[in-house]
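The values are calculated or read from the model by the stated rules, or taken from the named source; none is laboratory data. This is a predicted model, so every value here is computed, not measured. Note that each Cβ is placed from the backbone with ideal geometry, even for glycine, and that neighbours are counted across all protein chains shown. Protein only, heavy atoms only, side chains kept; ligands, DNA and RNA dropped before computing areas. Shrake-Rupley method; radii C 1.70, N 1.55, O 1.52, S 1.80 Å.
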Amino acid sequence: MALKLIKLTKEYEEQLGEMIDEWKADQERNHTNRSPWAIFKNDYHDFDFYLEHLEIKEPSAGRVPDSVFFLLDEDRDRLLGAVNIRHYLTDSLLQEGGHIGDGIRPSERRKGYATEMIHLALAECKKLGIDQVLMTCDKDNIGSARSIVKNGGVLENEFVNSNGDVEQRYWISI
């Protein structure tokens, strides 16, 4: 299994659409959330606009600069998921959201990909000078919690988030 993080290019336009459509259908059926939010904030049908606005380059309206990567299975040439790395935390992100938002497309879950994607994302965090990484997940998302812990995550606390769900906050030292 050869996995790597890539920046999105025109080459993956069709695959992006297939992945997002799969995710949205799953969300409608199972009422799961879509994470990372960054890949859902714009309509991929206007790919040039989507690509231009995928990452936040300058802070504004409470948003911080970020980097968005897609997990590619090189053997199958298939997009498996995505990760959004926020370059620093606001007070709001320190409470909810953290440095990394990640997600694996529904058909590829429970195969260990999230654990590897977080591992690769932590290397990108290191390049950005982030040595202490905050990750959060809903308490009932056992798979996310396991992937975070397997990457060195230490549970700091739990709280009720703005949606009324219990959320866990984990710190990872790089």
* For residue 8, distant residues with modelled amide H under 5 Å away -> 70
* Please determine, in degrees from 0 to 90 and to the nearest 10, the orientation of helix 113-127 with respect to the longest principal axis defined by the Cα atoms of the chain, where the helix direction is its Cα long axis. => 80 degrees
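So, counting K/R as plus one and D/E as minus one, what does the shell of residues with Cβ under 12 Å around residue 116 add up to? Walk me through the numbers on the way to the answer.
Details: positive: 4, 111, 150; negative: 73, 102, 108.
With Lys, Arg at +1 and Asp, Glu at -1, the neighbours total 0.
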* To do: Could you tell me the distance between the Cα centroids of segment 9-64 and segment 89-156, to the nearest Å?
  => 18 Å
* To do: Specify the residue with the greatest mean-square fluctuation among 145, 114, 61, computed from a Gaussian network of the chain linking alpha-carbon atoms under 10 Å apart.
  => 61
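From the protein chains alone at 1.4 Å, what is the descending order of accessible area for 169, 78, 63, largest first?
Working: 169 20, 78 60, 63 115 Å².
The most accessible residue leads, giving 63, 78, 169.
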* Structure fact -> A correct Karplus calculation of ³J(HN,Hα) over segment 73-85, with 6.51 cos²θ - 1.76 cosθ + 1.60, θ = phi - 60°, whole Hz and x for Gly and Pro, returns 8, 5, 5, 9, 6, 9, 6, 9, x, 8, 9, 10, 10
* To do: Express in nm, to one decimal, how much length is gained between residue 76 and residue 96 on full extension, taking 0.36 nm for each residue of separation and deducting their alpha carbon distance.
  => 3.7 nm
* **Placed amide H near residue 130: partners under 5 Å, 5+ positions off or other chain** => none
* **Estimated distance in nm for a label pair at residue 132 and residue 161, the labels positioned 7 Å out from Cα along Cα-to-Cβ** => 2.2 nm
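Where only protein heavy atoms count, and the probe is 1.4 Å, what is the accessible area per residue for segment 32-174 in Å²?
Numbers: 7250 Å² over 143 residues.
Ligands and nucleic acids excluded, the result is 51 Å² per residue.
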* When the chain is modelled as a GNM with alpha-carbon springs shorter than 10 Å, which of 62, 112, 143 fluctuates the most? -> 62
* List, in order, the whole-Hz ³J(HN,Hα) value for each residue of segment 164-174 obtained from phi through the Karplus relation with A = 6.51, B = -1.76, C = 1.60 and θ = phi - 60°; use x for Gly and Pro. => x, 9, 7, 10, 10, 10, 10, 10, 10, 8, 9
* To do: Give the carbon-plus-sulfur fraction of the accessible surface of the chain in %, rounded to a whole number; probe 1.4 Å, heavy atoms of protein chains only.
  => 48 percent
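Per the helix-only calculation at 222 nm, which mean residue ellipticity applies to the chain, given -39500 (n - 2.57) for every DSSP H run of n ≥ 4 and division by its residues, nearest 500 deg cm²/dmol?
Values: 5 runs with 53 residues, N = 174.
Dividing the helical sum by the residues of the chain leaves -9000 deg cm²/dmol.
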* Gain on full stretching of the segment that runs from residue 46 to residue 1 - 0.36 nm per residue minus C-alpha separation -> 13.0 nm
* Ignoring ligands and nucleic acids, what accessible area does residue 140 show with a 1.4 Å probe (Å², nearest 10)? -> 130 Å²
* Asked: Counting only residues 5 or more places away or on other chains, whose amide H sits under 5 Å from the amide H of residue 78 once H atoms are built in the peptide plane?
  -> 73
* Can you run phi through the Karplus equation (6.51, -1.76, 1.60; θ = phi - 60°) for segment 89-99 and list ³J(HN,Hα) in whole Hz, with x for Gly and Pro? -> 10, 8, 4, 5, 5, 5, 7, 10, x, x, 7
* Only Lys, Arg, Asp and Glu count, each charged at its Cβ (+1, +1, -1, -1), so figure out the dipole size of segment 93-145 about its Cα centre, rounded to 20 debye. => 200 debye
